[in-house]
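Quick one: structure below, then a few questions.
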Amino acid sequence: MKLRVAVIVVAAGRGTRFSSDGDRQPKQYRDLVGRPVVSRTLDAFLSHPGIADVLAVIHPDDTALYDQAVAAIDPVGRNKLRQAVFGGNTRQESVRNGLLALKNGNIHQVLIHDAARPFVSHAVIDNVLEKLAEGQCAVLPAVPVFDTLKRLGEVTHRLETVDRTGLWAAQTPQGFDYPTVLEGHEKAYQAGRTDFTDDTAIAEWQGVAVSLAEGDPDNFKITSRSDLDRAKKRISMTDRYNSGLAELGDVRMGTGYDVHAFEDGDAVILGGIQIAHDKRLKGHSDADVVLHAITDAILGAIGDGDIGAHFPPSDPAWKGASSDRFLADAVRRVADRGGRLAHLDVTIVCEAPKIGPHREAMRQSIAGICELPVSRVSVKATTSERLGFTGRREGIAALAGATVRLPFNDEDCT
Ligand code: MG
């Protein structure tokens, strides 16, 4: 029989540690690169195939914020999302309300998760589910403590070092056999205990053995402004890239072309990657014909001259220069106009060396220089059927296209 797994996402907290900046919005509804934190948390579970139901417990004052968060989740998993229930005065009460709301849902196992941990991975969820499948009744994902810990003596006011052997930092989702965790919460409620800060603490109090599962250092909880800054940095480049793109409606396209001749040598540099070859490319800089063509394509899209105008070959400063700085400069010029590079496409024309084996490394390299997702960089290659200078193996040519998105600017129309 397949066991039905539900998830309770605890989102009823008020986030008082954030309130020092005057904005009292709870941390789970803070903007995390275009989406509320909790919408990312919900998506992590809604997209997991082993999970049947996802239930959020929210504060009654937050219904409008929660509705906005739900509007931002991926529609694919939305049918698993149950009607949110209201929390209580403590985290423990909120979890109990969630557990009670699942009573008639034919639930066998439940995961209980903090809304402010948006980076829970499917791997961590799997680690917890595996332990439950082995028959454990309470599972805690955790990471070993690596930092040296100090305790300030209450009486002595002196610092002492805490032995960290066997110490673990607790995370969520904590996983439970549903009847067991419901019983634990009911017992705690009847005993008047409301001070448990997590659910495995109730299991310990209940006398249920808690088993450890491997957590993930990236599955951190957003409790402070610096955590939120860390979370923003961690959002994938693709996500960051897509955010706000729709407002840049002035779409422009530029082209670039470059040629460098071969001379004696043992390697060429193409797209920032060194490729072993029986010749090298001749040039004032590192002669990276690919990056030069792309640089000109970008400059073309914003109508800002060409690579030779900004970095004259006559200037000794650029002798032997690594061409990534030319490209980065063109990208900066786009950013200075409030715009963003949208896509690059380059074609390399040569008989040798073979480009195919280096294509992915080149895409990664170019994407890295331009701070673009790799999916927005295309590298293609062709021979010229032994015709012309490339056909005679005298050099390499590169053609590039760049799409740039800029904000509409009235001054441009005068
Ligand atoms: Mg050149």
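Roughly how many nanometres apart are two label points built 7 Å out from the Cα toward the Cβ at HIS108 and ASN89?
3.8 nm
Given GLY34, GLY98, GLN109, which one lies farthest toward the positive end of the charge dipole of the range 1-124, if we put +1 on the Cβ of every Lys and Arg and -1 on the Cβ of every Asp and Glu?
Of the listed residues, the answer is GLN109.
Can you give the charge dipole size of the chain about its Cα centre, rounded to the nearest 20 debye, using +1 on the beta carbon of Lys and Arg and -1 on the beta carbon of Asp and Glu?
580 debye
Which of the trypsin sites (Lys or Arg not before Pro) found in the range 347-414 are loop residues per DSSP with 16 or fewer other Cβ atoms within 10 Å of their Cβ?
Answer by residue number: LYS354, ARG386, ARG392, ARG393.
Give the Cα extents of the range 5-240 along the principal axes, in whole Å, largest first.
Sorted largest first, the three principal extents are 55, 41, 33 Å.
Through the Karplus equation 6.51 cos²θ - 1.76 cosθ + 1.60, θ set to phi - 60°, convert the phi angles of the range 193-206 into ³J(HN,Hα) values in whole Hz; use x for Gly and Pro.
8, 10, 9, 6, 8, 8, 7, 6, 5, 5, 4, 4, 5, 6
Further, regarding this structure: If you take every DSSP beta bridge fully contained in the range 280-414, what fraction is antiparallel? Give it as a percent rounded to 5.
60 percent
Additional query: How much length would be gained if the chain were fully extended between ALA123 and ALA317, taking 0.36 nm per residue of separation minus their Cα-Cα distance, in nm to one decimal?
64.9 nm
If you don't mind, another one. Against the longest alpha carbon principal axis of the chain, how many degrees, from 0 to 90 and to the nearest 10, is the axis of helix 91-101 turned?
80 degrees
With every protein chain present, what accessible area does TRP318 have (1.4 Å probe, heavy atoms only), rounded to the nearest 10 Å²?
40 Å²
Determine, from the Cβ-Cβ distance of THR165 and SER224 and an R0 of 22 Å, the FRET efficiency 1/(1 + (r/R0)^6), rounded to the nearest 0.05.
0.20
Oh, and also: Could you sort CYS370, CYS137 by their accessible area in this structure, using a 1.4 Å probe and putting the largest first?
Sorted by accessible area, descending: CYS137, CYS370.
Over what distance in Å are the Cα centres of the range 349-401 and the range 176-198 separated?
Cα centroid of the range 349-401 versus Cα centroid of the range 176-198: 62 Å apart.
Report the full-extension gain for the segment THR63 to ARG151: residue separation times 0.36 nm, less the Cα-Cα distance, to one decimal in nm.
In short, 27.6 nm is gained.
Also, I was wondering about something else. Which of the trypsin sites (Lys or Arg not before Pro) found in the range 133-203 are in a DSSP loop and have at most 11 neighbouring Cβ atoms, other than their own, within 10 Å?
Those that pass, being in a loop and sparsely packed, are ARG158.
While we're looking at this one, here's another question. Keeping all protein chains in place, calculate the accessible area per residue for the chain (probe 1.4 angstrom), answer in Å².
50 Å²
How would HIS284, HIS292 line up by accessible area, probe 1.4 Å, largest first?
HIS284, HIS292
Any idea which of VAL404, THR148, GLY244 is furthest toward the positive side of the dipole for the chain, if Lys and Arg beta-carbons carry +1 and Asp and Glu beta-carbons -1?
Result: THR148, furthest along the dipole toward the positive end.
Also, quick follow-up: At a probe radius of 1.4 Å, what is the per-residue accessible area of SER243, in Å² to the nearest 10?
So the heavy atoms of SER243 present about 50 Å² to solvent.
I'd like the carbon and sulfur percentage of the solvent accessible area for the chain, probe radius 1.4 Å, heavy atoms only, ligands and nucleic acids excluded.
Its accessible area is 50 percent carbon and sulfur atoms.
Starting from a Cα-only point model with no solvent, please compute log10 I(q)/I(0) by Debye for the range 248-413 at q = 0.10, 0.16, 0.20 1/Å.
-0.35, -0.87, -1.28
Now, a different point. Heavy atoms only, 1.4 Å probe, whole protein assembly: order HIS343, HIS113, HIS260 by accessible area, highest first.
From most accessible down to least: HIS343, HIS260, HIS113.
Follow-up. Provide the percentage of antiparallel DSSP beta bridges, counting only those with both residues in the chain; round to the nearest 5.
Once the DSSP bridges in the chain are tallied, antiparallel ones form about 65 percent.
State the extension gain, in nm to one decimal, for the chain segment bounded by ASN409 and LYS2, taking 0.36 nm per residue of separation less the distance between their alpha-carbons.
140.7 nm
For the range 221-282 and the range 323-339, what is the separation of their Cα centres, given in Å?
Cα centroid to Cα centroid, the span is 11 Å.
Next question, about the same structure. How big is the Kirkwood radius of the chain, worked out from every pair of different alpha carbons and given in Å to one decimal?
In the chain this quantity evaluates to 25.4 Å.
Treating cross-link reach as a plain straight distance, find the aspartates and glutamates whose alpha-carbon is under 14 Å from the alpha-carbon of LYS103, omitting any fewer than eight places away in the same chain.
Answer for LYS103, where 14 Å is the Cα cut-off: ASP53, ASP177, GLU183, GLU186, listed by chain and number.
Turning to a different aspect of this structure: Pairs of alpha-carbon atoms within less than 8 angstrom and 6+ residues apart define the contacts here; what relative contact order does the range 187-325 have, in percent?
17 percent
Test of understanding: extend the Cα→C-beta vector of ASN79 to 7 Å, then name every residue of the range 22-64 with backbone N under 18 Å from that spot.
43, 45-55, by backbone N distance to the label point.
Identify the trypsin sites (Lys or Arg not before Pro) of the range 34-143 meeting these criteria: DSSP loop state and at most 12 other C-beta atoms within 10 Å of the C-beta.
Answer by residue number: LYS103.
Here's a follow-up. Above 20 angstrom, tally the Cα pairs of the range 1-130 and express them as a % of all pairs, no decimals.
41 percent
The values are calculated or read from the model by the stated rules, or taken from the named source; none is laboratory data. Predicted model, so just to flag it, every value in this text is computed and none were measured. Cβ atoms come from the backbone with ideal geometry, glycine included; neighbour counts cover every protein chain shown. To get the accessible areas, we keep the full protein, side chains included, count just its heavy atoms, and leave off ligands, DNA and RNA. Shrake-Rupley method; radii C 1.70, N 1.55, O 1.52, S 1.80 Å.
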